[in-house]
Amino acid sequence: MNGLLQSGIGMTSQRTRERLVQRLHEEGLTNMQVLEVIRSTPRHLFIDEALAHRAYEDTALPIGHNQTISQPYTVGRMTELLLAGGPLDKVLEIGTGCGYQTAVLAQLVERVFSVERIQALQDRAKERLQRLNIRNVVYRWADGWTGWNALAPYNGILVTAAAREIPQDLLDQLAPGGRMVIPVGEEQGEQHLYLIEHTPHGFVRQVLDPVRFVPLLSGALQ
Ligand code: SAH
């Protein structure tokens, strides 16, 4: 490895990002549009400066308030799963966090409606996306366990925190033909990504990769 990269000076360099995308491709991500968006989205701007030198590692990192920015592989995988049914115009995201997944998604779908229960995190996410000139996102500070009924239905729903069970309100807000990607499981126990499709015969559920997410909480906001 060259010295500049090692010392962190090259952390935002094209080569560092290139390596991440190459690795994600080797690990099984195949949607070139998704990989291209991950390549061009500056993940280092979504985390604390002190951790920015690790921004293009394929790892989750703390973002304060006991929350984490998701691992790039997981962001890519969830986005691929959501898009695999064709283009999406309205997507509901639960868990804005630092806004990285929001930014990736917003570059691939028509409109994103993003709900977060911690206002301080969402405010910062909003500023970052504005700075990146990403304008097709509507934000809401609320408990996302109950979705965002006023604007339902959605063609896609992406949940970025692990639910003990699939929230009924989210199923109710998924349009016919729509897809939901959600991690399901206990906080300290096993969690898996679920893909739920709203078909003419009802909801069809697939249990996919094991994952590790912070919990989807319900109730009081902070
Ligand atoms: N996609 C985000 C992941 C953040 S971690 C990123 O890459 O940064 C999960 C986020 O879900 C946290 O910000 C947490 O506050 C939020 N969250 C947890 N339960 C929630 C709920 N019931 N409603 C809305 N947001 C919730």
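The values are calculated or read from the model by the stated rules, or taken from the named source; none is laboratory data. Because the structure is a prediction, the values reported are computed rather than measured. Because the Cβ atoms are built from the backbone with ideal geometry, glycine has one as well, and the counts that use them run over all protein chains shown.
Observations on the model:
- Residues that are part of a loop (DSSP other than H, G, I, E, B), under 13 Å from the mean Cα position of the chain (by Cα) and crowded, with 22+ Cβ neighbours inside 10 Å, drawn from the range 38-73: Ser70
- Residue match in the range 21-33 (condition: under 30 Å from Asp143 (Cβ atoms), modelled with pLDDT of 95 or more and hydroxyl-bearing (Ser, Thr, Tyr)): no
- Residue selected from the range 178-193 under the condition in contact (Cβ under 8 Å) with a residue 12 or more places away in the chain and more than 16 Å from the ligand (Cβ to nearest atom), by the criterion nearest to Leu83 (Cα to Cα): Arg179
- Filter result for Asn149 (free of Cβ contacts under 8 Å to residues at least 24 places away in the same chain, more than 21 Å from Phe213 (Cβ to Cβ) and more than 9 Å from the ligand (Cβ to nearest atom)): no
- Single unsatisfied condition, Val21 versus (1) among the hydrophobic types (A, V, I, L, M, F, W, C); (2) within 16 Å of the ligand (Cβ to nearest atom); (3) in contact with a helix residue (DSSP H, G or I) (Cβ under 8 Å, 6 or more places away or on another chain): (2)
Each row is one residue, and each column tells you yes or no for (1) among the charged types (D, E, K, R); (2) within 15 Å of the chain's Cα centre (by Cα); (3) within 15 Å of Thr96 (Cα to Cα); (4) crowded, with 22+ Cβ neighbours inside 10 Å.
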site: Tyr154; (1), (2), (3), (4): no, no, no, yes
site: Val159; (1), (2), (3), (4): no, yes, yes, yes
site: Asp169; (1), (2), (3), (4): yes, no, no, no
site: Ala175; (1), (2), (3), (4): no, no, no, no
site: Ile196; (1), (2), (3), (4): no, no, no, no
site: His201; (1), (2), (3), (4): no, no, no, no
site: Val207; (1), (2), (3), (4): no, no, no, no
site: Gly219; (1), (2), (3), (4): no, no, no, no
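- Selection within the range 198-222 - aliphatic (A, V, I, L, M) and within 16 Å of the ligand (Cβ to nearest atom): Val211, Val214, Leu216, Leu217, Ala220, Leu221
- Considering (1) within 13 Å of the ligand (Cβ to nearest atom); (2) surrounded by fewer than 21 Cβ atoms within 10 Å (Cβ to Cβ); (3) closer than 20 Å to Tyr56 by Cα, the lone condition that Asp123 does not fulfil carries the number (3).
- Any hit, the range 8-18, residues being assigned to a helix (DSSP H, G or I), in contact with a Cys (Cβ under 7 Å, 6 or more places away or on another chain) and modelled with pLDDT of 90 or more: no
- Selected residue (only one of Gly97, Gly76, Gly86 is under 10 Å from the mean Cα position of the chain (by Cα) and either in a strand (DSSP E or B) or over 21 Å from Glu187 (Cβ atoms) (or both)): Gly76
- Within the option set Leu129, Leu108, Leu92, Leu170, being among the hydrophobic types (A, V, I, L, M, F, W, C), at pLDDT 95 or above, assigned to a loop (DSSP other than H, G, I, E, B) and more than 9 Å from the ligand (Cβ to nearest atom) holds for one residue only, Leu108.
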